[in-house]
Amino acid sequence: MTPTSQRFNSSTRAFFQGKKVLITGHTGFKGSWLSIWLHNLGAKVTGYALDPPTDPSLFKLCRVDQLVDSIIADIRDLKRLKESIQQAAPEIVIHMAAQPLVRDSYDMPVDTFAVNVMGTVNLLEAVRSCDSVKSVVVVTTDKVYENREWLRPYREDEPLGGYDPYSSSKACAELVTAAYRSSFFSRLPTPGFPLQTSIATARAGNVIGGGDWGRDRLIPDCIRALLSGDKVRIRNPHAIRPWQHVLEPLSGYLLLARRLYEEGSLYAEAWNFGPDDIDERPVEWVVRRLCEKWGAPGLYQIDVGVHHHEAGYLKLDSSRARSKLGWNPVWSLETAIDETVEWTKAYNDGKDTRQVCLDQIARYSSA
């Protein structure tokens with residue numbers, strides 16, 4: 001471990017030690033990883049979410065309910081959400097609860113908008129009634145932009161859009177957050193702005209990592225096929241995505257939450273957390289590497305069926321996070337695939353997956 005990473009780790013641990021943090025969506029893939037990491041940093045974590053959306057799930061495999069005060073409830077239930085936040089009295093809130101799948105949004109557009117838009121409204125309304133909250137990070141997606149299939153990456157000030165209900169609902173969540181921030185929240189007490197809470201949004205790309213069992217997602221579909229010995233089927237082999245390990249954006253959320261807490265409105269805006277340009281690869285490249293790392297090269301085929309629209313090209317410009325937050329990607333895509341394969345093989349061998357997560361968090365933190 002380098003002296004710089006030692007300082008970063010000790011500083012991060014010192015900040016989060018004893019902090020009360022509430023995570024919505026803590027039973028999901030990213031939420032479970034974040035819960036494990038925050039508990040390891042010494043934070044007192046409360047989670048608010050529905051039951052895990054998959055079986056198996058990272059939440060159950062890693063016994064995350066033993067690490068957090070877990071509240072199983074619906075983000076659309078404003079009364080319950082307000083009561084839960086009042087009781088938890090968090091200092092930091094990270095909002096991740098969502099309907100996260102593009103393909104499901106075509107089948108359930110009403111539910112998608114209800115969860116992703118009104119769920120965000122409910123969260124911010126609940127925060128308004130809780131004086132303990134100093135810092136809020138609302139997690140959206142890289143798909144909030146009006147995708148024009150540009151070769152250049154999207155910056156935070158690009159127009160929002162959304163072709164499908166999922167992408168549109170997340171763009172709406174961005175607008176909701178901006179409206180609440182300007183109408184109700186300020187880090188500095190001024191006339192008409194009695195609350196002292198800073199709010200930012202975080203946009204990240206396609207995350208991969210151990211323990212993701214989501215349906216209709218590339219890497220989980222690959223893992224299920226490889227575990228069963230079947231051929232991996234891929235829909236859009238040439239689509240370019242900003243691939244990164246799940247710990248990459250999570251480190252950005254933690255850093256952003258801290259900056260909001262310490263310095264307030266200076267950081268209350270939108271932030272991209274994307275990989276280096278070299279790691280924005282086509283789907284087929286990612287699947288081929290994953291199969292090779294697994295030891296089953298060539299075990300995939302192109303699915304020639306008719307599918308819903310998906311963007312062909314999407315890249316993020318993370319220069320704001322690099323220059324203002326001091327955030328940078330740590331693991332290459334090759335390393336991210338290695339870590340995903342290692343985690344999955346450990347799971348397949350019956351090893352303690354929570355310990356595997358902690359080992360990978362330690363490696364990432366010291367890189």
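The values are calculated or read from the model by the stated rules, or taken from the named source; none is laboratory data. Keep in mind the model is a prediction, meaning the values are calculated, not measured. Glycine gets a Cβ as well: all are built from the backbone with ideal geometry, and neighbour counts include every protein chain shown.
General remarks:
- Test set (1) part of a helix (DSSP H, G or I); (2) under 30 Å from D221 (Cα atoms) - R76 fails condition number: (1)
- Selection within the range 154-179 - part of a helix (DSSP H, G or I) and either among the polar types (S, T, N, Q) or in contact with a His (Cβ under 8 Å, 6 or more places away or on another chain) (or both): S167, S168, S169, T177
- Residue check for Y267: closer than 16 Å to H95 by Cα and aromatic (F, W, Y): no
- Candidates R224, R241, R233 - the one that is within 22 Å of L34 (Cβ to Cβ), modelled with pLDDT under 95, out of contact with any Ser or Thr (no Cβ under 9 Å at 6 or more places or on another chain) and not in a loop (DSSP other than H, G, I, E, B): R241
- Selected residue (criterion: surrounded by the fewest Cβ atoms within 10 Å (Cβ to Cβ)) from residues of the range 57-73 that are in a loop (DSSP other than H, G, I, E, B) and in contact (Cβ under 8 Å) with a residue 40 or more places away in the chain: R63
- One residue alone among D157, D142, D131, D111 is of a type in the set (D, E, K, R), out of contact with any helix residue (DSSP H, G or I) (no Cβ under 6 Å at 6 or more places or on another chain), surrounded by fewer than 18 Cβ atoms within 10 Å (Cβ to Cβ) and closer than 22 Å to W213 by Cβ, and that residue is D111.
- Qualifying position, being β-branched (V, I, T), in a loop (DSSP other than H, G, I, E, B) and modelled with pLDDT under 95, among T27, T54: T54
- Qualifying residue in the range 81-89 (condition: under 19 Å from the mean Cα position of the chain (by Cα), outside any strand (DSSP E or B), surrounded by 23 or more Cβ atoms within 10 Å (Cβ to Cβ) and aliphatic (A, V, I, L, M)): no
- Residue count for the range 328-367 satisfying the condition of being surrounded by fewer than 18 Cβ atoms within 10 Å (Cβ to Cβ) and not in a helix (DSSP H, G or I): 7.
- Residue match in the range 250-266 (condition: over 30 Å from S182 (Cα atoms) and crowded, with 23+ Cβ neighbours inside 10 Å): no
- Screening E174 on (1) over 17 Å from the mean Cα position of the chain (by Cα); (2) at pLDDT 95 or above; (3) crowded, with 20+ Cβ neighbours inside 10 Å; (4) under 18 Å from A204 (Cβ atoms) shows it passes everything except condition (1).
- Checked against the criterion of being in a loop (DSSP other than H, G, I, E, B), acidic (D, E) and either modelled with pLDDT under 95 or under 20 Å from the mean Cα position of the chain (by Cα) (or both), the candidates E262, E284, E310 yield just one match: E310.
- Among the residues of this structure, R215 counts as one that is over 23 Å from V330 (Cα atoms), assigned to a loop (DSSP other than H, G, I, E, B) and touching a residue at least 24 places away in the same chain (Cβ under 8 Å).
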